1. On the given criteria, is residue 117 among the small types (Gly, Ala, Ser), open to solvent by less than 10 Å² (accessible area, probe 1.4 Å) and either at pLDDT below 95 or in a strand (DSSP E or B) (or both)?
2. So which residues in segment 2-38 are on the phi > 0 side of the Ramachandran plot and either of a type in the set (S, T, N, Q) or crowded, with 21+ Cβ neighbours inside 10 Å (or both), if there are any at all?
3. I'm told residue 72 meets every condition in (1) assigned to a helix (DSSP H, G or I); (2) in contact (Cβ under 8 Å) with a residue 24 or more places away in the chain; (3) open to solvent by 90 Å² or more (accessible area, probe 1.4 Å) except one. Can you identify the failing condition by its number?
4. Take the residues in segment 51-69 that are assigned to a loop (DSSP other than H, G, I, E, B) and either touching a helix residue (DSSP H, G or I) at 6+ places or on another chain (Cβ under 6 Å) or closer than 22 Å to residue 177 by Cα (or both); name whichever of them is modelled with the highest pLDDT.
5. How about segment 155-176: which of its residues are modelled with pLDDT of 95 or more and not in a strand (DSSP E or B)?
6. Which of the residues spanning segment 198-233 are among the polar types (S, T, N, Q), surrounded by fewer than 17 Cβ atoms within 10 Å (Cβ to Cβ) and part of a loop (DSSP other than H, G, I, E, B)?
7. Out of (1) among the small types (Gly, Ala, Ser); (2) in contact with a helix residue (DSSP H, G or I) (Cβ under 9 Å, 6 or more places away or on another chain); (3) open to solvent by 30 Å² or more (accessible area, probe 1.4 Å), the odd one out for residue 148 is which?
8. Is it fair to say residue 253 is touching a strand residue (DSSP E or B) at 6+ places or on another chain (Cβ under 9 Å), open to solvent by less than 50 Å² (accessible area, probe 1.4 Å), among the aromatic types (Phe, Trp, Tyr) and not in a helix (DSSP H, G or I)?
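The values are calculated or read from the model by the stated rules, or taken from the named source; none is laboratory data. Just so it is clear, the structure is predicted and the values come from calculations on it, not from any experiment. Because the Cβ atoms are built from the backbone with ideal geometry, glycine has one as well, and the counts that use them run over all protein chains shown. With ligands, DNA and RNA removed, areas are computed over all heavy atoms of the protein, side chains included. Shrake-Rupley method; radii C 1.70, N 1.55, O 1.52, S 1.80 Å.
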Amino acid sequence: MPVVFCSHGTPLMAQDESESSDWWRKFGQEAIESGDVKGVVYINSHWIEMDDKIRVGTRTNPDIFLPLVRKEKYENYPINIDQGLAQRVIDLLKSAGLPDVEGDPTAHWEDAPTTPSLWMFPQGSLPSTTVSLNGRYDPVFHVRMGRALRPLREQGILIIGSGATVHNIFRANWIPAVLSMDHFQIGTTPAKWAADFDQSIYDLVEGTTGSRLAGALVRLTESPYYVDCHPSNDHYFPLLVLAGTLYEDEEVYGRRKARIFELKNLVNSQYMWGEFPSKKR
């Protein structure tokens, strides 16, 4: 089963067409038509726990929180939380010797899981759950989370890490967005620090695989551009979890499927590793 990194950008990405939405829509159609996907696990960049726990969403019919987005875009969107899938995630993480893991019956959905799901599965989410990150642990810990979740790939579960390749809202150009909702700002180009960091991710994802990719992405957190691009770890760490889901000897390289800029300095690159099993036959 493939794994996917979705740069969900600002909440406005949930309602406005773009190169990213075009690819999400195409990918979702292929996923459904393949018949291979039994469920989806979202690694949620907007769910950061500050205690020693990892939490997994178990709330039936969770609320959706999408500021700035027209309510009719999402208010009737069906979210199918799979309690059995959530428990499998909990069991795998615990079996890997990670700290306390528990289901969370209060978890809601923000743009991290909702934006890609709206475009990929417009009739309603596939059987799903979301997984938190942990603000008290380091990059290697999140790679270990991905390793623990590897067996899901063999069980028809699509793992989607939702974050961003460059996400510093404090160094974004908000004026056009505030005045006219122009968040794409066509014709502008990101600052060098943003463009160079996004290029570094591209070089690693397309040129490295298996455990080597995980190690390289961990080392990238020491880049002088990292803090400029990620003043908090939340939107980068889902990429580390995904890298952990790749097997040590797996010769599957990631491919960038789309890229757009928002607010000038936000970079949203979409990556996919592997393909659906039905395509291999």
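1. Against the criterion (among the small types (Gly, Ala, Ser), open to solvent by less than 10 Å² (accessible area, probe 1.4 Å) and either at pLDDT below 95 or in a strand (DSSP E or B) (or both)), residue 117 does not qualify.
2. 9
3. (2)
4. 58
5. 155, 156, 164, 165, 167, 168 - these are the residues of segment 155-176 that are modelled with pLDDT of 95 or more and not in a strand (DSSP E or B).
6. Correct list: 221, 223, 232.
7. With (1) among the small types (Gly, Ala, Ser); (2) in contact with a helix residue (DSSP H, G or I) (Cβ under 9 Å, 6 or more places away or on another chain); (3) open to solvent by 30 Å² or more (accessible area, probe 1.4 Å) applied to residue 148, the lone miss is (3).
8. Considered against the rule, which asks whether it is touching a strand residue (DSSP E or B) at 6+ places or on another chain (Cβ under 9 Å), open to solvent by less than 50 Å² (accessible area, probe 1.4 Å), among the aromatic types (Phe, Trp, Tyr) and not in a helix (DSSP H, G or I), residue 253 comes out as no.
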